[in-house]
Amino acid sequence: MSTRLHRRIAVVAALSSVCLGLAACGSGSGTKGGSADGKVTITVDCPPLKTDNGGKSLANWNSDVKAFEAANPNITIKTVSVGAQCDNPPDFTARLQGGTQTDVFYGYMTDLNQVLDADGAEDITQYITKDTVPGWDSISDNIKNPFIENGHVYGIGYAGYTMGLVYNKTLFAQAGLDPTKPPTTWQDVATAAQKIAALGNGVVGYEDYSAGNTGGWHFTAELYSRGGADVSTDGKSATVNSPEAQAVLGNLHDMRFNGNSMGVKQLLGWPDLLTNAGAGKVGMFIGAPDTITAIVTQFKGQYSDWMMGPMPGDGGPAKGTLGGGSGYFFKKGASADQIKAGLKWITFEDLTPGQGQFNYALQKASGLPVGLPEPEIWKPGTAEAQKDNDLKKANTNLDLDAFANYVANPVPVVTEPANAQAIYAILDGVMSATLTDPNANITKLLNDANNKIQNTVINAGS
Amino acid sequence: MTDLAVLPPVADVAPRAARSRHGAMRRKLFDNLTGHAFLIGAVVCFGFFSWYPMVREFIMSFQQTHRGVTTWVGWKNYENVWHDAAFVQAWKNTLYFTVLALVVGYALPFFIAVLLNEFRHARGYLRFLVYLPVMLPPASGLFLFKYAYDPSDAGIFNYILKTLHLPTSEWVQSQAMTMPSLVIASTWLNMGGTILIYLASLQNIPGELYEAGELDGAGIWRQIWHVTIPQTRLILSLMFLLQVVATMQLFVEPLILANGDGNQGSATSVVYLMYQRAFYEHDLNGAAALGGMLLIVLLVFSAVYTRLAPKQETD
């Protein structure tokens, strides 16, 4: 064969290998993990962002990894950062469908269904023992159950939240309201919102979402607070045309157009409201404690401005509050050794008071906030709950009074409905109409939404 | 007179000719091997990253996956998306955007190009100026518009309107103004490229045609109508096709300016509905069915249009 021909074959081979190399880019970020000498490697995603708290949170994660590897010389943890994608559901779905999730991968409580449909997670039931997860029995059912189907465990919940009323105490004081006595009913919220909005200068008394599925999410939370629900308990009927739903929208419409306390700008999505809150322009909104963290770490707000009260109810305490959270799944195909190593890591980092996410002494020393009423994962009265509370109190650098009302008035937790996002997309329209149309026909809006949920979500999925 | 004696016997001609053709082909193949090698790379990559996903999408649109088990379901996904609460509105919105974008975004760049073509000074500077928005990442440009469209007096558009004692607007927040607002932003962001293409085409028009028009007493509008438009009709025709195909795939404008659906679905486009189904409702098969519908609509439109559109005249 001539040299020219050799060269040409080499060109073809080189180009083919480039293409094959490109194709191989999508072959996943999991590892095979095991080796003959008993050493095991696992990839874990969603460490703190390097921009969170000036990089201090990530530094603490990295030091935890080192400490864990030193204590478990046979296990190597490879952290895989996917940036801000961890909190962007479409990115999670893309990784899951592409099979590029890590061996131990982060997901929301509402993700179990899509993870199982994509055949993306291992059944880890047999690996959960007193040795691998010593605190298993002390974890709240609210945290565990969203990762369990028909008695099979597919993930470990490690963070939970419940919604309450988040409010700006500086604006409260300026409006002549007592920040230590937050509104506990929706009627009180409307009155307070009007006083706060009267401050002018672009200040909004009460702000709410109506776009990007977050409108439907908050509508649902407010509906739970009045004892209503999006769907019946058996999941077979849509129930958003109820009197409770009418009351939710009636109250919002009244605040928006009669009280003029919700601002002109609507169609707000998640970052829009928090941007306004960070700028000190929002008096109240409903949210979990981590929204305050987001306001401070991502939207330039101050912890000292914010307090939390319990979820308001209709003329009295709320009948329910929306709860959610996140956990870790184990990638389909992970070996038994990798699953055991992953459970060990999660126990070390997320399920042991005084360590990892509960290492308040280290967080305080790093200048990170300590004292937020999150993550709420332990059953009340357990040794873990007691130890966690004691350590938090001993190390807090926040004003615990800011959350006292929220902590002292727990509200029954209600989880999100099945097919939550499809329902929220429909309810976004109801919220946007209520907050933008002075003549909105609330009864018609709710009847239409109810029919849509029944026909296009419940019946289509059955 | 032909010298038959020099011709080889007939029986001998065919195999030698075949051998010669075979040899020529072989030579040609080997001579172009490097070229083919480069082509193979591109074709394989194109096939893998462009054609394969399209074929896969069509296959997925007839399947459903539940608990890791994929089954063939016939037209069920198409039926499901057909009955989606937002399906009809998404198509209406998309068509409305396309028509509006044609009225504004198709004519405006052409007339700006004609205007720029008349300038004798600062031509390069003006071209740079009109092309500048194209260099802006679309997301950044749309975020600028998001602030400009603020329905309170803080929005720059409302501020200008108020200063001029004109009625203000709620822009994207108003159902009636959602699509016009998206078209204004989209046109501003994208017309620079179209203007440059039109300008290149305008500069190929022979000056004698305008001189003849002037001698015949044609004014500026008659010159545009009788010289400029006929001379650029192929480019105009091509840009029409490209613009319809691009605007029917409306996605990023509603996503950023209207947080997706807008006021009661006033911004929901077909592609946004696909995104919603795939990445929020986790129904990839339904999204594939919607994508298949859009692909067929655009294919049929393109095929009909290219048959009817003006062709390059050949001698």
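Laboratory data are not the source of any read-out in this text; all were calculated from the coordinates shown. Predicted, not measured: the structure shown is a model, and the values here were computed from it. In this analysis, Cβ positions are derived from the backbone assuming ideal geometry, glycine residues included, and neighbour counts consider all displayed protein chains.
Annotations for the structure displayed:
- Exercise: per-residue mean of other protein chain Cβ atoms within 10 Å, A:225-233: 0
- Angle in degrees between helix A:56-71 and the longest Cα principal axis of chain A, rounded to the nearest 10: 40
- For the range B:85-314, the normalised intensity computed at q = 0.11, 0.12, 0.17 Å⁻¹ comes to -0.69, -0.80, -1.25 (log10 of I(q)/I(0), Debye sum over alpha carbons, equal scatterers, no solvent).
- Whether chain A is rounded, prolate or oblate, judged on the alpha carbon gyration tensor where a/c under 1.5 counts as rounded: prolate
- Nearest-ten-degree value, helix A:186-197 long axis tilted from longest Cα axis of chain A: 90
- Residues whose amide H comes within less than 5 Å of that of A:ALA121, counting only those at least five positions distant or on another chain, are A:LYS332 (H built at 1.01 Å from N in the peptide plane).
- Gyration tensor (alpha-carbon) shape descriptor, the range A:187-238, a/c threshold 1.5: oblate
- Distance cut-off 20 Å, percentage of C-alpha pairs in the range A:175-329 lying past it: 50
- Ranked by how many other Cβ atoms sit within 10 Å of their own Cβ, fewest first, the residues A:ASP45, A:ASP401 fall in the order A:ASP401, A:ASP45.
- Loop sites in the range B:41-118: chymotrypsin sites (Phe, Trp or Tyr not before Pro), DSSP, at most 11 other Cβ within 10 Å: B:TRP75
- Placing unit charges on the Cβ atoms of the charged side chains and taking the dipole of chain A about its Cα centre, the candidate lying farthest along the positive direction among A:GLY83, A:PHE172, A:ASN276 is A:GLY83.
- Stretching the chain fully between B:VAL134 and B:ARG56 yields a gain of 24.8 nm (0.36 nm per residue, less the alpha carbon separation).
- Considering only B:ILE296, B:THR268, B:PRO138, and ranking their Cα positions along the charge dipole of the range B:85-314 that arises from unit charges at the beta-carbon of Lys, Arg, Asp and Glu, the one farthest toward the positive end is B:ILE296.
- Whole-angstrom gap from the range A:401-462 to the range B:126-179, using each part's C-alpha centre: 31
- Spacing of the two label points (7 Å from each Cα toward its C-beta) at A:GLN302 and B:LEU144, in nm: 3.4
- Residues within the reach of a label modelled at A:ASP131 (point 7 angstrom out along Cα to beta-carbon, backbone nitrogen below 13 Å), restricted to the range A:318-343, are A:337, A:340-341.
- Estimated dipole of chain A in Debye, rounded to 20 [Cβ of Lys and Arg +1, of Asp and Glu -1, Cα centre]: 1260
- A Cβ-based charge dipole, computed about the Cα centre of the protein assembly as shown with Lys and Arg at +1 and Asp and Glu at -1, lands at about 2300 debye.
- Applying the Kirkwood pairwise sum to the alpha-carbon positions of the protein assembly as shown produces a hydrodynamic radius of 30.3 angstrom.
- The DSSP beta bridges internal to the protein assembly as shown are antiparallel in roughly 70% of cases.
- Annotation note: trypsin sites (Lys or Arg not before Pro) in the range A:290-382 located in DSSP loop regions with a Cβ neighbour count of at most 11 within 10 Å are A:LYS300.
- Loop trypsin sites (Lys or Arg not before Pro), the range A:202-286 (other Cβ atoms within 10 Å of the site Cβ: 15 or fewer; DSSP): A:LYS236
- Divide the volume of the convex hull around the Cα atoms of the range A:276-345 by the residue count and you get 167 Å³ per residue.
- For the range B:48-54, putting each phi into the Karplus relation 6.51 cos²θ - 1.76 cosθ + 1.60 with θ = phi - 60° gives couplings of 6, 8, 10, 6, 4, x, 5 Hz, in residue order, rounded to whole numbers and with x for Gly and Pro.
- Each label point was placed 7 Å from the Cα along the Cα-to-Cβ direction; for B:VAL88 and B:LEU295 their separation is 2.8 nm.
- Longest DSSP-loop-exposure-free segment, trypsin sites (Lys or Arg not before Pro), chain B, at most 15 other Cβ within 10 Å: B:121-310
- Rounded to the nearest 500, the helix-only mean residue ellipticity at 222 nm of chain B stands at -21000 deg cm²/dmol, with each DSSP H run of n ≥ 4 adding -39,500 (n - 2.57).
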